[in-house]
1. Within segment 126-141, how many residues turn out to be farther than 28 Å from Leu101 by Cβ and crowded, with 17+ Cβ neighbours inside 10 Å?
2. State all residues of segment 86-125 that are of a type in the set (Asp, Glu) and buried (at least 17 other Cβ atoms within 10 Å of the Cβ); if no residue qualifies, say none.
3. Going by the structure shown, is Ser147 in contact with an Asp or Glu (Cβ under 8 Å, 6 or more places away or on another chain), among the hydroxyl-bearing types (Ser, Thr, Tyr) and modelled with pLDDT of 95 or more?
4. For a quick check of your reading of the model, give me the residue pairs whose first member lies in segment 132-154 and is more than 24 Å from Ser117 (Cα to Cα), whose second is of a type in the set (Phe, Trp, Tyr) and surrounded by 14 or more Cβ atoms within 10 Å (Cβ to Cβ), with beta-carbon atoms closer than 6 Å and at least 6 apart or on different chains.
Amino acid sequence: NLWRCSEIFSRADRQPPDPRRSDCVTEEQLRSREDRFVRRSKVYSVNAQSGNRTCAQVVEEMRKDPRRFTEQSRRSLSPWEYKVDRDVERIPPEISMAQCLCEGCIINLREDHSYNSVMVKTQMTVLKRKPCPGDPKKYVVKKEIISVPVACTCVKPSYSQ
């Protein structure tokens, strides 16, 4: 896996939160658990690229100077950029997510719609925090598994009969 996270907070995942029990944590306990989660997790981040390029712009860039493309995301038949997804209630609060730039694939320096660009995804474990019912000064922390697009690839379209 690209991301591997520890199995912690499992009790909070199985039972509904109860403000009288230890499922609800203080701000200090929350920070401690977040720090422990981050230390135990292996998260490889990618810098988000700026620009909102289009498929046509990528093709033009490839025509002008194909040698300058060293990143896989730019050399791919299905080029992509990374955008930062922010959620202040999630740990980590920022995740770089791939976004395909073309619907088709770049074949012979043209976008060819007889192929499709599709996202390649992986699963990532994150922590989500919510105010504790009955005690807004405390939090419930739960593990969630989310799908994160990490790249794009070129595929033949699937046809249904």
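1. Residues that pass the stated criteria total 7.
2. Residues of segment 86-125 of a type in the set (Asp, Glu): 87, 89, 94, 103, 111-112.
Selection gives Glu111 alone.
3. no
4. Cys132/Tyr139; Val141/Phe9; Lys143/Phe9
Table: residues versus (1) in contact with a Gly (Cβ under 6 Å, 6 or more places away or on another chain); (2) of a type in the set (Val, Ile, Thr); (3) closer than 30 Å to Arg31 by Cβ.
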| position | (1), (2), (3) |
| --- | --- |
| Leu77 | no, no, no |
| Trp80 | no, no, no |
| Asp85 | no, no, yes |
| Pro93 | no, no, yes |
| Arg110 | no, no, no |
| Val120 | no, yes, no |
| Pro133 | no, no, yes |
| Glu144 | no, no, yes |
| Ala151 | no, no, no |
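The values are calculated or read from the model by the stated rules, or taken from the named source; none is laboratory data. No experiment lies behind these values; they were computed from the predicted model shown. Cβ sites come from the backbone with ideal geometry, for glycine too, and all protein chains shown count toward neighbours.
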